[in-house]
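J.: Here's a structure for you.
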Amino acid sequence: MHLFVRDQTNQPRNLNYEKDIVYVTKHNKWILNSIGIWPTVLKGIDEYLPKIAIALSNLVLSFTVIQCVLHILLEQKDPILRLKILGLTFFSFISLMKYWVLTMRKPKIKLCIEQIQHDWKQVEFERDRKLMLKYGIIGRNLSMYSIVFMYSGGIIYHTVMHYKLGSYVDEYNRTIKLLIYPTYSRLYDVQKSPVYELVYILQCICGYMFDAVTVGACGLAALFATHICGQIDIVMAKLEDLVDGKFSKENSNPNIRLVEIIEHHIKILRFSAMVETVLQEVCFLEFIGSTFVICLLEYYCITDWQQNNTIGLTTYSLLLISLVFNIFLLCYIGNLLIEKSSNIGIVCCMIDWYQLPIKTIQGLILMIAMSNSPAKISAAGIADLSLSTFGSVLKTSFAYLNFIRTTIM
């Protein structure tokens, strides 16, 4: 179903729309452009750049994940080291699957971004622009926090941990240099130079891409959800003005104003449904992946603490904080969206509805009924993302942690 209610050929009403759009989308655009997901309008040979970026990213990421799996299954015999590598492998595999989902959903992501741009162009009053900027700033800040947390942990993991791994001398008196991502020795000899250096650089690029997928998915969720919240605030402001009509440019009657409000509300619901479709698989993978990886990181922190491994403890703690914050961000956004969309029904009851014509009151009753099914973000329809869901993720991860400690320790 097409998202737009009004003709998109109208001239922009918001003279600052270009600056506003850049402000709220800048960080997400940087991250997603680097992995070919952000929709761009390019001509000539440049239009193939996103496709080339996606193809190369899939090749590099798949090569790294496949090597980790082969190393665990065919080469690594120590169960403790297997468990150490398993967390990294699982995170990498989940990130690769999220990248596939984002690539598959790219056309709908483009529609959602076009809708956001259209809404910024058509802001009619400065009051409405301020309401949109209020939530635009929230979405921008959440994206920035996700970038800082995720890349801080990732950079330390790929530099400090790599230095900490160092090298060792095997039983054949050979110096074995270790890497963050394990490799499969039957494919090539990673110990030779410059193969080792090239593989390390490639793994750093992989680390950036894995973090970019996670940050990009959270950034899109923050951008879309906060935009919906801003639009809902505009609808509520129009509802509060329904009786007096102070912000109506024309001397229209309440019925005409209510029609405009309902059209706006329906457009929000359609956009919310599109966002739900775009994000449900990504949120499901984040939900499953975070639960399992958080559990393993908790186990790594405990073992490194017992072994007085300060560098390992610090690195895994930062990674743990990053993943916990990302799942919290998604659940917070989902909770904010549910609460905000439910408030429309409350506002309908709080205005001076008794001063309206009977037909207008009947329309308000329909809006109250519609707000009883609020907009939400779900993990593939299995669980709605909310703060209670975040608590469930943490409790489940602790339960798995106790199981691992009982089985191994």
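J.: Return the tail of the calculated pair distribution for segment 12-149, meaning the percent of Cα-Cα pairs more than 26 Å apart. Could you put the intermediate results ahead of the total?
T.: Working: 4106 of 9453 pairs.
Every Cα pair in segment 12-149 considered, those over 26 Å come to 43 percent.
J.: In nm, to one decimal, how far is the modelled label at residue 82 from the one at residue 62, with both set 7 Å along Cα→Cβ?
T.: Spacing of the two 7 Å Cα→Cβ label points: 2.7 nm.
J.: With +1 on the Cβ of every Lys and Arg and -1 on the Cβ of every Asp and Glu, and nothing else charged, how large is the dipole of the chain about its Cα centre, in debye rounded to the nearest 20?
T.: Details: 37 positive and 32 negative charges, 65 e Å.
With only Lys, Arg, Asp and Glu charged at Cβ, the dipole is about 320 debye.
J.: Restrict the search to segment 199-301; then list the trypsin sites (Lys or Arg not before Pro) that DSSP places in a loop and that have at most 13 other Cβ atoms within 10 Å of their Cβ.
T.: Numbers: sites: 238, 246, 249, 257, 267, 270; in loops: 246, 249.
Counting only loop positions with at most 13 other Cβ atoms within 10 Å, the trypsin sites (Lys or Arg not before Pro) in segment 199-301 are 246, 249.
J.: In the Gaussian network model of the chain, springs joining C-alpha atoms below 10 Å, which of 136, 381, 230 carries the largest mean-square fluctuation?
T.: 381
J.: Only four residue types carry charge here, +1 at the Cβ of Lys and Arg and -1 at the Cβ of Asp and Glu. Report the dipole size of segment 118-242 about the Cα centre in Debye, rounded to the nearest 20.
T.: On the way: 12 positive and 12 negative charges, 56 e Å.
So the magnitude is around 260 debye.
J.: Quick check on my link table: of 130/359; 121/238; 106/130; 134/395, which ones sit more than 27 Å apart, alpha carbon to alpha carbon?
T.: Details: 130/359 32 Å; 121/238 18 Å; 106/130 29 Å; 134/395 33 Å.
Distance filter (> 27 Å) returns 130/359; 106/130; 134/395.
J.: Full extension from residue 74 to residue 19: what is 0.36 nm times the residue separation minus their Cα-Cα distance, to one decimal in nm?
T.: Working: separation 55, 0.36 × 55 = 19.80 nm, distance 5.42 nm.
This chain segment gains 14.4 nm when fully extended.
J.: Assuming R0 = 45 Å, can you tell me the calculated FRET efficiency for the pair residue 256 and residue 141, based on Cβ-Cβ distance, to the nearest 0.05? It would help to have the intermediate numbers written out before the result.
T.: Values: r = 38 Å, r/R0 = 0.84.
Plugging the Cβ-Cβ distance into 1/(1 + (r/R0)^6) gives 0.75.
J.: Rounded to the nearest 0.05, what FRET efficiency is calculated for residue 114 and residue 176 with R0 set to 60 Å and r the Cβ-Cβ distance? Walk me through the numbers before you get to the answer.
T.: On the way: r = 53 Å, r/R0 = 0.88.
Calculated transfer efficiency: 0.70.
J.: When Cα extents along the principal axes in Å is calculated directly from the model, which label among (1) 91, 55, 31; (2) 83, 40, 39; (3) 63, 51, 36 fits?
T.: So the structure-derived entry is (1).
J.: What distance in nm separates the two pseudo spin-label positions at residue 270 and residue 362, each 7 Å out from Cα along the beta-carbon direction?
T.: Output for this residue pair reads 2.5 nm.
J.: Suppose R0 equals 41 Å. What FRET efficiency, 1/(1 + (r/R0)^6) with r the Cβ-Cβ distance, do residue 352 and residue 26 give to the nearest 0.05? Let's see the in-between values first.
T.: Numbers: r = 42 Å, r/R0 = 1.02.
Computed FRET efficiency for residue 352 and residue 26: 0.50.
J.: While we're on this one: How far, in nm, would the chain grow between residue 104 and residue 160 when pulled straight, counting 0.36 nm per residue and subtracting the alpha carbon separation? All intermediate terms of the calculation are to be shown ahead of the outcome.
T.: Details: separation 56, 0.36 × 56 = 20.16 nm, distance 3.51 nm.
Net length gain for the segment: 16.7 nm.
J.: Just to be sure I understand the model, the point goes 7 Å from the Cα along the line to the Cβ. What's the resulting residue 126 to residue 399 distance in nm?
T.: 5.5
Only the coordinates and a few stated rules stand behind these numbers; no lab work does. Keep in mind that what you see is a predicted model, and the values were worked out from it rather than measured. With ideal geometry, Cβ positions are generated from the backbone for all residues, glycine too; neighbour counts draw on all protein chains shown.
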